[in-house]
Amino acid sequence: MLKIALIGLGFMGRTHLDNYLRLEKEGVPLQVTAICDIDPVKLEGPATSGNIDTASDEAVDFSRFRKYATVEEMLREEELDAVDIALPTYLHKDVSIRCLEAGLHVLCEKPMAPTAADCEEMIRAAEAAGKQLMIGQCLRFWPAYVYLKEAVEKGTFGKVTSASFFRGSGTPTWGPWLLEGDKGGGALLDMHEHDTDIVNWLFGMPDTVSCQALNVIPGSGYDIVSTNYRYGDGKVVNAQVDWTLQGDFGFEMNYRVNFEAGNVSFRGGGVQVNPGGAPGFNPELPADQGYYYELKYFAETLIAKQPLAAIPTRSTQDSIRIIEAERQSASFSGEWVEVKR
């Protein structure tokens, strides 16, 4: 039985909890035995809504969990195999290292950490402890993006000639820290990093980036971002984010990728494939969100005592290196900046 503790019960932490409980019901030999949050109200069960609907319809009996206000107390008292860290970004490094040094496997929410240097400390702590560290880059498990990854790797429609990614929402209100630039990193680090990671996952590290960005909300960091990624083969790749969209916009993520012999697009929850010279179609994809498949992979891989190879920490660190180059480029009005290896 894999014993897991969940640290942080905000929007994403509650999403993770609901999915673990689902996996438990489906027969995966895991159990969330403890939950930890500084806010005593969250320990009693009220869910926090976010920018995407992840809520489960089933009520959760929170009396089944042992509850803690501090990580130190939980680590001292609990017998655990792994922890799931769904805390604000600025806490990822320190809490991950603390748990690794306590002898536990760690799933840490994205982004990995504010800087590549922070990521390096996390990686070295995992190596020193002989434990596994995985970062929750959920799009790498999201069916629409998994389909795209397979098309790119297999060359189903030839080589990629262009790719465009977008992510947008209203200004987040479920976590005040998100709008403090030194804690959340703005839309650039919190939301845009999803698509930067996908660009890295699909195509590898770009040579240089050019990023134009705007701060709209005082003190939040960059709230509107558009980045071009330069590759040696000349393909045109761009990713944009905007979390200042007003009214009833809601949340949207999409992509359009053009190949030599067709194109694939994702919008409104569905994938459209248009092969060159053949009728377009909508592939049948699994209905669940990436969070479910991500946590299923994390738990079942640990249970099988296998390496968490689907998301190498060096790869997620590289995504932060790209973000650092984007931030530098934005500070110089979009000048091309080399991505450090």
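Each reported figure results from applying straightforward, stated rules to the coordinates on display, with no laboratory input. No experiment lies behind these values; they were computed from the predicted model shown. No Cβ is skipped: glycine too gets one built from the backbone with ideal geometry, and neighbour counts run over all protein chains shown.
The table for this structure:
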quantity	calculated
Hey, residue 222 surrounded by 14 or more Cβ atoms within 10 Å (Cβ to Cβ) and part of a loop (DSSP other than H, G, I, E, B) or not	yes
Residues located in the range 274-297, provided they are touching a residue at least 40 places away in the same chain (Cβ under 8 Å) and farther than 30 Å from residue 29 by Cα	275, 276, 283
Within the range 291-341, tally of residues that are closer than 23 Å to residue 185 by Cα and in contact with a Gly (Cβ under 9 Å, 6 or more places away or on another chain)	5
Filter result for residue 133 (buried (at least 20 other Cβ atoms within 10 Å of the Cβ) and out of contact with any helix residue (DSSP H, G or I) (no Cβ under 7 Å at 6 or more places or on another chain))	no
Test: residue in the range 124-144 that is touching a Phe, Trp or Tyr at 6+ places or on another chain (Cβ under 7 Å) and among the aromatic types (Phe, Trp, Tyr)	yes
Condition broken by residue 67, with the remaining ones in (1) free of Cβ contacts under 8 Å to residues at least 12 places away in the same chain; (2) touching a strand residue (DSSP E or B) at 6+ places or on another chain (Cβ under 8 Å); (3) of a type in the set (Lys, Arg) satisfied	(1)
Options 180, 150; residue that is of a type in the set (Asp, Glu), surrounded by fewer than 18 Cβ atoms within 10 Å (Cβ to Cβ) and under 30 Å from residue 91 (Cα atoms)	180
Candidates 118, 18, 94, 61 - the one that is more than 19 Å from residue 175 (Cα to Cα), acidic (Asp, Glu), surrounded by fewer than 16 Cβ atoms within 10 Å (Cβ to Cβ) and within 23 Å of the chain's Cα centre (by Cα)	94
Residue within the range 314-321 that is closer than 21 Å to residue 226 by Cβ and not charged (D, E, K, R) present	yes
